[in-house]
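The values are calculated or read from the model by the stated rules, or taken from the named source; none is laboratory data. Quantities reported herein were computed from a predicted structural model and do not represent experimental measurements. Note that we place each Cβ from the backbone using ideal geometry, even for glycine, and neighbour counts take in every protein chain shown. To get the accessible areas, we keep the full protein, side chains included, count just its heavy atoms, and leave off ligands, DNA and RNA. Shrake-Rupley method; radii C 1.70, N 1.55, O 1.52, S 1.80 Å.
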Amino acid sequence: MIWTTGKMLWQTQKRPRNPYFAQAYDFMEQWLEGSQEFVLHTSGSTGMPKPITITRTQLRASAAMTGKALSLGSGTRALVCLNVGYIAGLMMLVRGLELDWELAITEPTSNPIAGLDHAHFDFVAMVPMQLQAILANTATHNQVSKLGKILLGGAPVGLPLAAQIKALDVPVFQSYGMTETVSHVALKALNGEQASDSFMFLPGIEFGTDERGCLFVSGAVTNYQKVQTNDLVQISGNTFEWIGRADNVINSGGVKIVLDQMDQRIATIFHDLAIPNAFFCWWEPDEKLGQKLVLVVENALAKERAEQLSAEIRRRVSAYENPKHIYFAKAFAKTATDKIDKRATFQQLLKSPNG
């Protein structure tokens, strides 16, 4: 782990030998030298990763927006534990430089605070899996209060983790954004008095939906260009509820099924049955239905309870929403940013002799 306080301390440091820290150093050096454009890569969670060019002005606008929204001013002590090769981790470096923060930069791990017993922070951004690992570890569970404000992004927050978050005494937020919007453009409080089911757009973000009901946004962070998403949303005032992705809607026997909504409904069943929550809904071609709904589960323990799981799902959902088959995968395929690659996982599953 390395520390940097604002711009001056970083400028006095030598380039680290560790390749990961060297990557962070190189970006910060480019920033301090005044580079105006940076090439980033999308995460690959909704398609093939692709390079996009982001301007310095966009990055600065995003940093300022986050600092204002979460009241994180000069002197903020922040833990950088997300991959700086992607927008979420990179923006932590930009915020540190632009807002004069004190940064602790560590290589991404499942439990980023293991071994940091004496460290106190005001802010950290991480993926839900990292917070889950911290809470599950008896050595780090009680260290959460030392993290300050926690920003989660990159993946949905499952029901077991959501329940644990509500009991925390530090504020936890879920972010909505992507590489094209230069990190988050909306936040949702997951605990405390401001807890909500809706995301709130940050100031300066213009938004709306297309004819499909999919969100588009624009603002300084997008260079005032409209970024059209495939996310189905329900907007109310300056807030919205996320429904699911338009490309995750299937037509099964003439009935439209939103796979993301099915994930949420079945997550409740997994939670109630105390089955480890590692699954996703998917589809495969069917002569009669056109597309049939299937469930993919990553857990050997869950396989032993397949009958009980199937019976409970049938009891709680309609015949059309009942998965026609349950597949069990040894391990889910992941993207470079550790998100589940559903398409790749299912393709691998079909090629497996036990699929």
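Order of 316-322, 203-209 by packing, highest average Cβ count within 10 Å first?
Output ranking for 316-322, 203-209: 203-209, 316-322.
Which residues does a label at residue 288 reach in the stretch 317-355, if reach means a backbone N under 16 Å from a point 7 Å past the Cα toward the Cβ?
319-326
Could you pull the accessible area for residue 341 with a 1.4 Å probe, rounded to 10 Å²?
Accessible area, nearest 10 Å²: 50 Å².
Per DSSP H run of n ≥ 4, the term is -39500 (n - 2.57); total these for the chain, divide by its residue number, and report the mean residue ellipticity at 222 nm rounded to 500 deg cm²/dmol.
Calculated mean residue ellipticity at 222 nm is -8500 deg cm²/dmol.
Rounded to the nearest percent, how much of the accessible area of the chain (1.4 Å probe, protein heavy atoms only) is carbon and sulfur?
Looking at the chain in its full context, I get 50 percent from C and S.
Can you give the direction-averaged projected area of the convex hull of the alpha-carbon atoms in the stretch 209-308, in nm²?
Working: hull surface 37.0 nm².
For the stretch 209-308, the mean projected area of the Cα convex hull comes to 9.3 nm².
Estimate the FRET efficiency between residue 330 and residue 109 by the formula 1/(1 + (r/R0)^6), using the beta-carbon distance for r and 25 Å for R0, to the nearest 0.05.
Computed FRET efficiency for residue 330 and residue 109: 0.65.
At 25 °C and a viscosity of 0.890 mPa s, what translational diffusion coefficient does Stokes-Einstein give for the stretch 45-107, taking Rh as the Kirkwood radius over Cα pairs? Give it in µm²/s as a whole number.
197
Looking only at the stretch 54-68, which residues have a backbone nitrogen under 18 Å from a spot 7 Å from the Cα of residue 36 in the C-beta direction?
54-61
Please calculate the 1.4 Å probe accessible area of residue 352, with all protein chains present, and give it to the nearest 10 Å².
We get 50 Å² for residue 352.
Summing Lys, Arg as +1 and Asp, Glu as -1, what charge do residues with Cβ under 15 Å from the Cβ of residue 333 carry, residue 333 excluded?
Net of charged neighbours comes to +3.
Given +1 on the Cβ of Lys and Arg, -1 on the Cβ of Asp and Glu, and no further charges, what dipole in debye does the chain carry about its Cα centre, rounded to the nearest 20?
Charge dipole, the chain, about its Cα centre: 420 debye, nearest 20.
Using the scaling law 2.2 N^0.38 Å as the reference, what is the normalised Cα Rg of the stretch 10-128? Mind showing how you got there, number by number?
Values: Rg = 14.3 Å, N = 119, 2.2 N^0.38 = 13.5 Å.
Its radius of gyration relative to the 2.2 N^0.38 Å reference: 1.06.
Whole number in Å², please: accessible area per residue of the chain, 1.4 Å probe, ligands, DNA and RNA not counted.
49
Report, in cubic angstrom per residue, the convex hull volume of the C-alpha atoms of the chain. Kindly include the intermediate steps, with their values, before the conclusion.
Numbers: hull volume 54.0 nm³, N = 355.
Normalising the Cα hull of the chain by residue number yields 152 Å³.
For the stretch 275-319, what mean projected area does the convex hull of the alpha carbons give, in nm²?
3.6
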